[in-house]
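Everything on this sheet refers to the single structure shown next.
The values are calculated or read from the model by the stated rules, or taken from the named source; none is laboratory data. Every value quoted in this text rests on a predicted model; they were computed, and no experiment measured them. All Cβ positions, glycine included, derive from the backbone under ideal geometry; neighbour counts span all protein chains shown. With ligands, DNA and RNA removed, areas are computed over all heavy atoms of the protein, side chains included. Shrake-Rupley method; radii C 1.70, N 1.55, O 1.52, S 1.80 Å.
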Amino acid sequence: MGEVVLRAAGLTKKYPLHAPRPLRGASSSPVEPSQARWFHALHDVSFSLEAGDTLGLIGRNGAGKSTLLSVLAGTIQPTSGSVRADRRVASLLDLGTGFHPLETGRQNAESMLGLHLRTSRKEIAPHLSEVQRFSGLGDRFDDPIRTYSDGMRLRLAFATVSILRPEILVTDEVLVVGDEEFQNRCEQWFDRFLADGGTLVLCSHDLGQISRLCRQTLWLDGGKMAALGETKAVVRAYRDSIGTEAPQEAGVEHAGGKAAGLPFEVTRLSLSDQSGSDCRRIDPHGLARISVDVAAHAGIPNLFVGITTDDLVPVYGVASDMDQFSPEEVEPGLYRFELCFADLPLLPGRYRLRAHALDETGTRLYDTVQLEFSMAGTPPAGPRGLVGLPHRFVAQETL
């Protein structure tokens with residue numbers, strides 16, 4: 001057994017539900033505290049994490065995930081229960097929480113570093129150039145925060161947290177942001193954080209991300225613990241529980257064509273071959289065309305398309321904003337994305353095609369639709385892995 005560095009014991013958070021006011025002239029008596037109605041955002045949630053452990057947090061909207069993250073980060077207090085952290089904790093939750101809109105990015109980074117490092121302004125100064133470089137804000141680093149987009153605020157927040165070098169990080173899926181270069185910097189920082197023994201609590205609707213990064217997972221349902229255990233088993237149980245239900249929230253995998261009532265939602269996902277026919281079996285040497293419709297009335301959406309194995313191991317992913325692609329508006333509030341692969345060298349087997357609808361800034365994931373497909377052919381006797389790469393063995397004298 002390793003050293004426990006984060007422990008949540010019996011966490012409960014409840015809020016009073018106010019009764020509607022009586023009609024004018026109607027007699028009423030005050031509600032006694034013992035008779036008050038309460039909403040339990042969390043109810044008796046307990047777990048512990050050892051140093052270097054990774055915990056995924058999944059569940060429907062309203063399941064209590066954000067409340068639990070805020071309690072762990074210390075931004076709200078539980079009604080009962082306790083949290084004990086024996087290492088430095090940092091959080092990446094709401095964009096720019098604590099930033100002053102009239103101050104510049106530099107001033108806000110300086111204030112955040114001073115608050116957490118408890119050191120002098122002179123000692124903080126050398127770190128500010130690191131924040132500016134990591135965030136990629138350039139000269140905008142000295143502009144007021146109120147002029148920043150959500151994406152810029154997140155870049156600043158993440159860059160500042162990277163300097164704090166936390167030992168425990170509490171975060172949601174806000175890392176889907178920025179250009180490819182910035183995302184690579186974030187992924188490299190995460191790799192170093194985990195390799196150095198960092199402890200992670202990650203909340204995400206992207207079950208592939210949870211499966212990739214988290215050793216164990218907590219599934220919340222109605223504020224209660226539905227399951228806690230090895231990630232693969234918990235994710236499978238969660239997916240099975242929602243597989244037959246109508247979609248009601250962001251990130252739930254569902255069939256296209258079913259309205260989820262989200263600001264950005266995938267309404268259609270299709271996969272076709274070079275003849276244009278809809279198909280679920282792809283020739284690795286033939287054209288594969290992916291077509292996605294996204295309903296969006298709050299701005300022009302972004303799209304992330306990913307391919308995973310049947311058990312959600314990521315194989316490939318690309319975002320529309322990486323290629324600076326603007327979708328066609330086929331009708332008011334409906335945008336179409338087309339993506340073509342002239343050659344898809346995946347080895348024979350079963351895969352999942354996943355389409356993720358994101359907001360206009362590319363920082364928030366709203367909806368996920370997926371379909372299953374397979375690659376044609378017989379599994380080879382020799383090569384192993386996910387892709388077939390052209391190769392040949394050669395004699396020494398031919399090199």
At 0.890 mPa s and 25 °C, Stokes D of segment 119-166 from Kirkwood alpha-carbon radius, µm² per second: 220 µm²/s
Of all accessible heavy-atom area on segment 103-242, the percent that carbon and sulfur account for (1.4 Å): 46 percent
Candidate residues Val89, Val369: accessible-area rank, largest first, probe 1.4 Å: Val89, Val369
Straight-distance crosslink candidates among aspartates and glutamates, where the alpha carbon sits under 15 Å from Lys65 and sequence neighbours closer than 8 are dropped: Asp44, Asp94, Asp172, Glu173, Asp206, Asp221, Glu249
Amide H within-cut-off set for Leu92, under 5 Å, with H built and near neighbours excluded: Val170, Thr171, Asp172
Förster radius 41 Å - calculated FRET efficiency between Ala51 and Phe325, Cβ distance, rounded to 0.05: 0.45
Long-range amide H partners of Asp221 with built H, under 5 Å: Ala226
Cα-projected label distance for Leu347 with Arg239, points at 7 Å along beta-carbon direction, nm: 2.0 nm
FRET efficiency, His40 to Ala376 (Cβ-Cβ, R0 56 Å, nearest 0.05): 0.65
Nonlocal amide H pairs with Thr104, under 5 Å, H built at 1.01 Å: Ile145
Percent antiparallel among DSSP beta bridges (both partners in segment 99-228, rounded to 5): 55 percent
Kirkwood Rh and Cα Rg combined as Rg over Rh, evaluated for segment 137-235: 1.03
Difference of contour (0.36 nm per residue) and Cα-Cα distance, Leu339 to Arg268: 24.2 nm
Additional length obtainable on full extension of the chain from Asp139 to Asp283, 0.36 nm per residue less Cα span: 47.0 nm
Fully extended contour minus Cα-Cα distance, from Arg192 to Tyr316, at 0.36 nm per residue: 42.5 nm
Cut-off 16 Å (backbone N to label point 7 Å along Cα→Cβ of Leu17), residues of segment 35-64: 35-43, 62-64
